[in-house]
Amino acid sequence: MKFNITIYKDEDGMFIAECPSIPGCISQGKSEEEAQENIQDAIRETLEVRKELGLPLVISTREVDVAV
């Protein structure tokens, strides 16, 4: 399965990776590459737990326009 992720640098210099379509699926790393590898592991593990609990694997995400 393919998932969209976000990666950003926090105030401590760590890279935070999140998968918006999986609630609570977040990880980090010292580099963008490490954060990406870590979020891939987190996605696999989170999906396994959600499946065991009978929860939906993913939630809906949408793109919206916001005037700024």
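Name, by its number, the condition in (1) of a type in the set (Val, Ile, Thr); (2) at pLDDT 95 or above; (3) over 14 Å from the mean Cα position of the chain (by Cα) that does not hold for THR6.
(3)
Rundown of residues vs (1) aromatic (Phe, Trp, Tyr); (2) surrounded by fewer than 10 Cβ atoms within 10 Å (Cβ to Cβ); (3) in a loop (DSSP other than H, G, I, E, B), yes/no style:
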site: MET1; (1), (2), (3): no, yes, yes
site: PRO23; (1), (2), (3): no, no, yes
site: GLN28; (1), (2), (3): no, no, no
site: GLN36; (1), (2), (3): no, no, no
site: ILE39; (1), (2), (3): no, no, no
site: ILE43; (1), (2), (3): no, no, no
site: THR46; (1), (2), (3): no, no, no
site: ARG62; (1), (2), (3): no, yes, yes
site: VAL66; (1), (2), (3): no, yes, yes
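Does region 3-16 hold any residues that are out of contact with any Asp or Glu (no Cβ under 8 Å at 6 or more places or on another chain) and not in a loop (DSSP other than H, G, I, E, B), and which are they?
Matches in region 3-16: TYR8, LYS9.
Given the criteria of a type in the set (Val, Ile, Thr) and in contact with a Ser or Thr (Cβ under 9 Å, 6 or more places away or on another chain), does ILE16 qualify?
yes
Give the residue that is surrounded by the most Cβ atoms within 10 Å (Cβ to Cβ), with candidates limited to residues of region 48-59 that are without any contact (Cβ under 8 Å) to a residue 24 or more places away in the chain and not in a helix (DSSP H, G or I).
The selected residue is LEU55.
Among ILE59, ILE43, which is the only one that is touching a Pro at 6+ places or on another chain (Cβ under 7 Å) and hydrophobic (A, V, I, L, M, F, W, C)?
Testing whether each residue is touching a Pro at 6+ places or on another chain (Cβ under 7 Å) and hydrophobic (A, V, I, L, M, F, W, C) leaves just ILE59.
The values are calculated or read from the model by the stated rules, or taken from the named source; none is laboratory data. From a predicted model like this one, the values you see are computed outputs, not experimental measurements. Please note: Cβ atoms are built from the backbone with ideal geometry, for glycine as well, and neighbour counts cover all protein chains shown.
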